[in-house]
1. What about S224, is it under 15 Å from A326 (Cα atoms), crowded, with 20+ Cβ neighbours inside 10 Å, of a type outside the set (F, W, Y) and in contact with a Gly (Cβ under 9 Å, 6 or more places away or on another chain)?
2. Looking only at the stretch 228-241, filter to residues that are more than 8 Å from the ligand (Cβ to nearest atom) and not polar (S, T, N, Q); which one of those is surrounded by the most Cβ atoms within 10 Å (Cβ to Cβ)?
3. Is at least one residue of the stretch 279-286 modelled with pLDDT of 95 or more and crowded, with 22+ Cβ neighbours inside 10 Å?
4. What pairs can you find where one residue is in the stretch 309-334 and within 22 Å of E195 (Cα to Cα), the other is among the acidic types (D, E) and crowded, with 16+ Cβ neighbours inside 10 Å, and their Cβ atoms are less than 6 Å apart, with a gap of 6+ or different chains?
5. Looking for whichever is under 26 Å from G158 (Cβ atoms) and touching a helix residue (DSSP H, G or I) at 6+ places or on another chain (Cβ under 8 Å) here; the options are Q7, Q48, Q89. Which one fits?
6. So, in the stretch 329-358, how many residues would count as being within 12 Å of the ligand (Cβ to nearest atom) and either closer than 16 Å to A306 by Cα or charged (D, E, K, R) (or both)?
7. Looking at A296, is it more than 13 Å from the ligand (Cβ to nearest atom), surrounded by 24 or more Cβ atoms within 10 Å (Cβ to Cβ) and free of Cβ contacts under 8 Å to residues at least 60 places away in the same chain?
8. Given the conditions (1) crowded, with 16+ Cβ neighbours inside 10 Å; (2) over 13 Å from the mean Cα position of the chain (by Cα); (3) of a type in the set (S, T, N, Q); (4) within 30 Å of E177 (Cα to Cα), and given that Q344 satisfies all but one, which numbered condition is not satisfied?
Amino acid sequence: KVKNADQPEFIQAVTEVLDSLRVVVESDQKYQQVSLLERIVEPERIIQFRVPWVDDEGKVQVNRGFRVQFNSAIGPYKGGLRFHPTVNQGIIKFLGFEQIFKNALTTLPIGGGKGGSDFDPKGKSDNEVMAFCQSFMTELSRHIGADTDVPAGDIGVGGREIGFLFGQYKRIRDVHEGVLTGKGLTYGGSLARTEATGYGLVYFVEEWLRVNGDSFEGKKVVISGAGNVAIYAAQKAQQLGATVLTVSDSTGWVYDPEGIDVAAVQDIKEVKRGRISDYVNYRPNAEYHEGRGVWAIPCDIALPCATQNELHLEDAQQLIANGCKAVGEGANMPTTLDATAALQEAGVAFFPGKAANAGGVATSALEMSQNSQRLSWTFEEVDAKLKGIMVSIFHQCDDAAREYGLEGNYVAGANIAGFKKVADAMIAQGVC
Ligand code: NDP
């Protein structure tokens, strides 16, 4: 009987990591002892809870809340909260598992965790979102703390939700501490956190371009998603001289041959909380199409920034046929395993999310440091640290791959470099 057979995304994430680790484990006895691999795939703790709240009609709604505290070997659990109707225990476990290695790659002392709920903030009033967040935090507050577990945002959890969650935590625990990251700037947030995941993704790809004597200047970039990661990846790529041709949401996608107007996307998504179909009202020369389709647009660089398993084998084949040189994952596990293999076999540089999108959590850890010091750094300071971290992650992945004769395999490099750090800490701490 296969354990966790009803959690396909978790199995997918574990399969990818364990495949990469074979070469490490087989060549070093110490990783074959003390059931290290069996322990690393098992969360330290899973919390699941009822989230009852009252909607604007006075009706009681019930959602399901989760927090998976996966691995605390190198620091307090750290990882986002996702509010989306597709959330279940398997999705949160896959995200928490990925988070362990991602956090290790940042070089900062943070363990791996993830949480969320099947609550859908779309179409809810601010009052309903607040009622939900307060109920969610009423239970979650028992399990988290600035030195224990520090959640952040993810799909469906942005500044508004973090504010409501933080307010309720403070009310229950009576302590103003860095228990959440992605906070507003007036109550402990860090400058550049909003931009960090998207900017970090572009800094990572920029470093690969740089070592190959190239840059973003003049590159055609296709991006999926129109949320936090997609918006700031598009902004930074354009600042570096690229033309971003597409964005998308779960309903459809936009092709703007003149380059995506990031301010328009921000207005639609961040201010009006609308649909990407509205984009053509800002830019009449752009095209809007229902469904999915961004990967068919010819590009030099593709950045999937929406959600898991959104880039399939046929999309990979299309990208290859169109001459795409690199795929950088802004989202977590957006590329299916067969699509990843096809891209790698075709010689497309492939940068996995656990390395390429680590800028968000790295900057969250910088927010924790600022909160502990009761200081706030300037945008330029945080952005410069972020860039340094992304450059370091690129080289950790590159070096680890080379060490095992897998040059250019950044999936293997990321898994190996992240694993070694966590595994060595686990071994040092004994069987626990
Ligand atoms: P947002 O909620 O801000 O945006 C998500 C975007 O993806 C929206 O455009 C959304 O469209 C689209 N999307 C969501 N679900 C689906 C789906 N099932 N099918 C098609 N499109 C979908 O989230 P983020 O930008 O924060 O997160 C995007 C990805 O990046 C996730 O995989 C997340 O785990 C990952 N990530 C985020 C980090 C962060 O700092 N925010 C850090 C590291 C990784 P719609 O509005 O229609 O739902």
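1. When the stated conditions are applied, S224 passes them.
2. If we take residues in the stretch 228-241 being more than 8 Å from the ligand (Cβ to nearest atom) and not polar (S, T, N, Q), then A233 is surrounded by the most Cβ atoms within 10 Å (Cβ to Cβ).
3. Looking through the stretch 279-286, at least one residue is modelled with pLDDT of 95 or more and crowded, with 22+ Cβ neighbours inside 10 Å.
4. Correct list of pairs: N332/E98; P334/E310.
5. Only one candidate passes the filter, namely Q48.
6. 13
7. Considered against the rule, which asks whether it is more than 13 Å from the ligand (Cβ to nearest atom), surrounded by 24 or more Cβ atoms within 10 Å (Cβ to Cβ) and free of Cβ contacts under 8 Å to residues at least 60 places away in the same chain, A296 comes out as no.
8. So the condition that Q344 fails would be (4).
The values are calculated or read from the model by the stated rules, or taken from the named source; none is laboratory data. Note that this is a predicted model, so its numbers are computed, not measured. Here Cβ is always computed from backbone atoms with ideal geometry, including for glycine, and neighbour counts include all displayed protein chains.
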